[in-house]
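Novice: Okay, handing you the structure first.
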């Protein structure tokens, strides 16, 4: 029992205290690692809808990406390596993902 409590306490301590709550404005994909998010953006920018649907289905099943729907609440956890990329933690999740800052505009 002490081990479970210690694990839960450890996970709670990894969540940034200064995390700001934000609301998703446009449907977006958030991925971890960041390179996975960049791959999804390149596919989306190419205009190949069939490839984007296949990528999205595989990434969602694998758990490397999550779909952010308008109205969803996320907590900011920093920024990505590239400008315009933000690190977020969806409400109810311990895992962080990278997405575009434009999803919140």
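Just so it is clear, none of the values below were taken in a lab; they were calculated from the coordinates. Everything numeric here is computed off the predicted structure, so don't read it as measured data. Cβ placement follows ideal geometry from the backbone for every residue including glycine, while neighbour counts extend to all protein chains displayed.
Novice: When the label point is put 7 Å from the Cα of residue 91 along its Cα-to-beta-carbon vector, which residues of the range 59-73 have a backbone N closer than 15 Å?
Specialist: Counting only backbone N, you get 68-73.
Novice: Give me the distance in nm between label points sitting 7 Å out from Cα along the Cα-to-Cβ direction at residue 105 and residue 54, one decimal.
Specialist: Taking the two extended label points, one gets 3.2 nm.
Novice: Counting alpha carbon pairs within less than 8 Å and at least 6 residues apart, what relative contact order, in whole percent, applies to the range 17-104?
Specialist: So the answer I get is 40 percent.
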